[in-house]
Each structure stands twice: as structure tokens, then as C-alpha cells.
Amino acid sequence: MVSSTRPGTVVTLLVSLFLAVEGGWGLIHPPALDFLATNPVRGTIHLLLGLLGLAVLRTGQVRGYLRFVGAIVFSVGLGWFIPVVGELIRTLLAVDRNGALINVGVGLLALLASRAEKHTGPRAPRDRTIPV
């Protein structure tokens, strides 16, 4: 695992662990963590996205993962509040109001961290020449 305190790495670790734990727990004992409604489809998706994030951490290339997961999770959370789309999300993914609000927050966090990761690219090497 990449040891870094860069914002993208830290957020990827947190989001991946949350998704993996929530997905795994949701598959075993719905409702997940005693306050999130879930079903096998949602639990499987969260578990796979969490494990994917942990795998991406090993490469250190977290920006694409954060953009992908952030966009999906944010869209599902925001879609819950749109009448026609929300009914589909409630039916297929068993997302309730708590889950929608958490999705919006986690998605926003991931998208902002991906943006921060873009601006904290590799540092330029220091000039170590001795002035004469």
C-alpha cells in the first residue's frame, strides 16, 4: 500500500473501507450497520467498489477511482430526490433518505479529493547544486 498523506490517498482509503465494510455487512446482515437499508445488489456493488479502491491504493493512482466512484455515488444520492429516478433507485438499490444523504456526502468528498489530487501532482525535484 502506498504510504502517503495526500488528500486523494487518504480519502480513497476511507471511502474504500467504508464501501467494503458496508457492502460486506449488508450482504450478511441487512440493514447494513443498523441504519442503512440495503439489498444484495447494493451490498455487492459496494463491496466490489470498496475492494477496487483498496487495489487502486497499491498503485497510488487514485484520481480516476475517486472521479469514477464519486460521480456514481453522488449521482445515485442526488437521483433519489428526483421523483421518477428516485423511485427506480429506491426499488433497485433499496436506498432510503439516510443512504441518499450519505451518498451525496461521500460522492462530493470523493469528487473534491480527486480535484485536490489533480492539483497536488508530483513535486518538482529540488535544486541541490552548490552555488559557486
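The values are calculated or read from the model by the stated rules, or taken from the named source; none is laboratory data. Everything numeric in this text was worked out from a predicted model, so none of it was measured. Cβ sites come from the backbone with ideal geometry, for glycine too, and all protein chains shown count toward neighbours.
When both residues are 6+ apart or on different chains and their Cβ atoms are under 9 Å apart, which pairs have a first residue that lies in the stretch 5-31 and is touching a residue at least 24 places away in the same chain (Cβ under 8 Å) and at negative phi, and a second that is in a helix (DSSP H, G or I) and of a type in the set (Ser, Thr, Tyr)?
Gly8/Tyr65; Gly8/Ser114; Val11/Ser114; Thr12/Tyr65; Val15/Tyr65; Ser16/Tyr65; Gly23/Thr44
Kindly evaluate Ala71 against the criterion of being in contact (Cβ under 8 Å) with a residue 24 or more places away in the chain and in contact with a Pro (Cβ under 6 Å, 6 or more places away or on another chain). It would help to see each step written out before you state the result.
Working: in contact (Cβ under 8 Å) with a residue 24 or more places away in the chain: yes; in contact with a Pro (Cβ under 6 Å, 6 or more places away or on another chain): no.
Against the criterion (in contact (Cβ under 8 Å) with a residue 24 or more places away in the chain and in contact with a Pro (Cβ under 6 Å, 6 or more places away or on another chain)), Ala71 does not qualify.
All but one of (1) modelled with pLDDT of 95 or more; (2) of a type outside the set (S, T, N, Q); (3) in a helix (DSSP H, G or I) hold for Phe81; which doesn't?
(3)
Looking only at residues that are part of a loop (DSSP other than H, G, I, E, B) and either among the aliphatic types (A, V, I, L, M) or within 16 Å of Asn103 (Cα to Cα) (or both) in the stretch 32-63, which one is modelled with the lowest pLDDT? Walk me through how you get there before you give the answer.
Applying the first criterion (part of a loop (DSSP other than H, G, I, E, B)) to the stretch 32-63 yields 33-35, 37-39, 60-62.
Restricting the remaining residues to those that are either among the aliphatic types (A, V, I, L, M) or within 16 Å of Asn103 (Cα to Cα) (or both) gives 33, 35, 37-39, 62.
Details: Leu33: 57, Phe35: 66, Ala37: 75, Thr38: 80, Asn39: 85, Val62: 90.
The residue in question is Leu33.
Suppose we filter Glu117, Glu87 for residues that are charged (D, E, K, R) and under 16 Å from the mean Cα position of the chain (by Cα); which single one remains? It would help to see each step written out before you state the result.
Working: Glu87 fails: under 16 Å from the mean Cα position of the chain (by Cα).
Testing whether each residue is charged (D, E, K, R) and under 16 Å from the mean Cα position of the chain (by Cα) leaves just Glu117.
Restricting the search to the stretch 41-59, which residues are loosely packed, with under 15 Cβ neighbours inside 10 Å and in contact (Cβ under 8 Å) with a residue 24 or more places away in the chain?
Scanning the stretch 41-59 gives Val41, Leu48, Arg58, Thr59.
What number of residues within the stretch 10-62 satisfy the criterion of being more than 19 Å from Val104 (Cα to Cα) and of a type in the set (D, E, K, R)?
2
In the stretch 47-70, which residues are of a type outside the set (Lys, Arg) and under 9 Å from the mean Cα position of the chain (by Cα)?
Of the stretch 47-70, the ones of a type outside the set (Lys, Arg) are 47-57, 59-62, 64-66, 68-70.
Across the stretch 47-70, the qualifying residues are Leu49, Gly50, Gly53, Tyr65, Leu66, Phe68, Val69, Gly70.
Determine whether Gly99 is of a type outside the set (Val, Ile, Thr), at pLDDT below 90, crowded, with 19+ Cβ neighbours inside 10 Å and in contact with a helix residue (DSSP H, G or I) (Cβ under 9 Å, 6 or more places away or on another chain).
Numbers: of a type outside the set (Val, Ile, Thr): yes; at pLDDT below 90: yes; crowded, with 19+ Cβ neighbours inside 10 Å: yes; in contact with a helix residue (DSSP H, G or I) (Cβ under 9 Å, 6 or more places away or on another chain): yes.
So Gly99 passes the test.
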